[in-house]
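Below is one structure, written out as structure tokens; comments come after it.
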Amino acid sequence: MSFIDLFQANENNKKQAKPRYSQSTYWGRLRHFIDITDPRTLLVSRKELERCKQLLENKSEHTHTDPEKLWRAKKIVDSTIHPDTGEPVFLPFRMSSFVPTNMILVAGMLLPNPSIKSIIFWQWANQSVNVAFNSANANKTTPMSIKETGIAYASAVTTSCAIAVGLNQAVPRLNLSPSIKSLCMKLVPFTAVAAAGTVNVFLMRGKEIRDGIDVFTKDGDKVGKSKKAGMSAVSQVAISRVLTNAPVLIIPPLLLGRIQKTEFIKARPHWITPINFGLIALSLMTALPAAIAVFPQTGELDTSSMEKEFQSLKDEDGQPIRQLYFNKGL
């Protein structure tokens, strides 16, 4: 389907056009999120962004414009503009900046012979960045006050750091057989990061669960706020965060273990850290779009499973509304 067809099919919706790739299949969502997380979009200037927005908004220009230019403009807008606010997401915390930003933290975490203070500092930095990404890319239909944001930040960082540092310090002291302890030590990084990341998401986006988020009909008409939609959105994002971390914390150590046994690396041990850094970067670049593509960004719930006020809704033709939609966030 062409860009024009998609625009016309969706012209009554709040959004200008549907994503280029089908969001009903994993493969389509993966291709979509590869575009959304493309770091090259970070190089686009504010002037270029405004030009892309104007191009998409000016429907009369679409029939005279190369479709690829329209899709490129949509890619830039979708990767930069928050769907709820219509404003650019703060630059360091766009999903297209996720890999570059996190690689700075990875470099710090790979420093040799870290002290307790160093571990705590980098965990604090890591969880603070997680807070920023969770906040910047959250559903914005339930805004948080500065006080609420501050309390959520302090709670999220304190709790997640305690989990991460606590597990790293506790497991080596367990009275276990060497083989079991070795297995536990290998699982500690993933367990710590996954648990801390999950807690971080739920604390930073807890208001969406408590107060609910806006839900819409298929035509984009707001019908109210749903706590169940909020729970679904936050839970799906938390799962995506765990799936993002899994390949990064499992694959590089396994590959590095094999690489370290080669004669080439035995003769050049100083190469181990750069190779590890590269493996982590490659894993993160691959894992991010693959993980967030597990769930569509536009969530869907059957009204029969939602709050009572949504179960008797009817459309303008008097037909029951069976599904409602919401922005899951990223």
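The values are calculated or read from the model by the stated rules, or taken from the named source; none is laboratory data. Predicted model, so just to flag it, every value in this text is computed and none were measured. Cβ placement follows ideal geometry from the backbone for every residue including glycine, while neighbour counts extend to all protein chains displayed.
Couple of notes before you dig in:
- One residue from Lys74, Lys59, Lys53 being of a type outside the set (S, T, N, Q) and surrounded by fewer than 14 Cβ atoms within 10 Å (Cβ to Cβ): Lys59
- Flag not set for Phe202, criterion: in a helix (DSSP H, G or I), aromatic (Phe, Trp, Tyr), assigned by TED's automatic domain parsing to the domain that holds Ser135 and in contact (Cβ under 8 Å) with a residue 40 or more places away in the chain.
- Residue match in the range 122-131 (condition: at pLDDT 90 or above, over 30 Å from Gln169 (Cα atoms) and either surrounded by 17 or more Cβ atoms within 10 Å (Cβ to Cβ) or outside the structural domain of Trp271 (by TED's automatic domain parsing) (or both)): no
- Those residues of the range 168-184 which are closer than 23 Å to Arg241 by Cβ and surrounded by 14 or more Cβ atoms within 10 Å (Cβ to Cβ), in sequence order: Asn168, Val171, Cys184
- Matching entry among Val193, Val237, Val248, Val188 (being without any contact (Cβ under 8 Å) to a residue 40 or more places away in the chain, in a helix (DSSP H, G or I) and crowded, with 22+ Cβ neighbours inside 10 Å): Val248
- All helices (runs of 4 or more DSSP H) inside the range 81-170 with 1 or more residues being in contact with a Gly (Cβ under 6 Å, 6 or more places away or on another chain): 116-136
- Residue match in the range 205-215 (condition: under 20 Å from the mean Cα position of the chain (by Cα), buried (at least 17 other Cβ atoms within 10 Å of the Cβ), closer than 30 Å to Lys314 by Cα and basic (Lys, Arg)): yes
- Single condition Val171 does not satisfy, out of (1) closer than 14 Å to Gln127 by Cα; (2) touching a Cys at 6+ places or on another chain (Cβ under 6 Å): (1)
- Of all residues in the range 55-65, those satisfying the criterion of being in contact with a helix residue (DSSP H, G or I) (Cβ under 9 Å, 6 or more places away or on another chain) and either polar (S, T, N, Q) or at pLDDT below 85 (or both) are Lys59, Glu61, His62, Thr63, Thr65.
- Residue check: Thr159 meets all listed conditions (1) more than 27 Å from Arg210 (Cβ to Cβ); (2) at pLDDT below 85 but one, namely (1).
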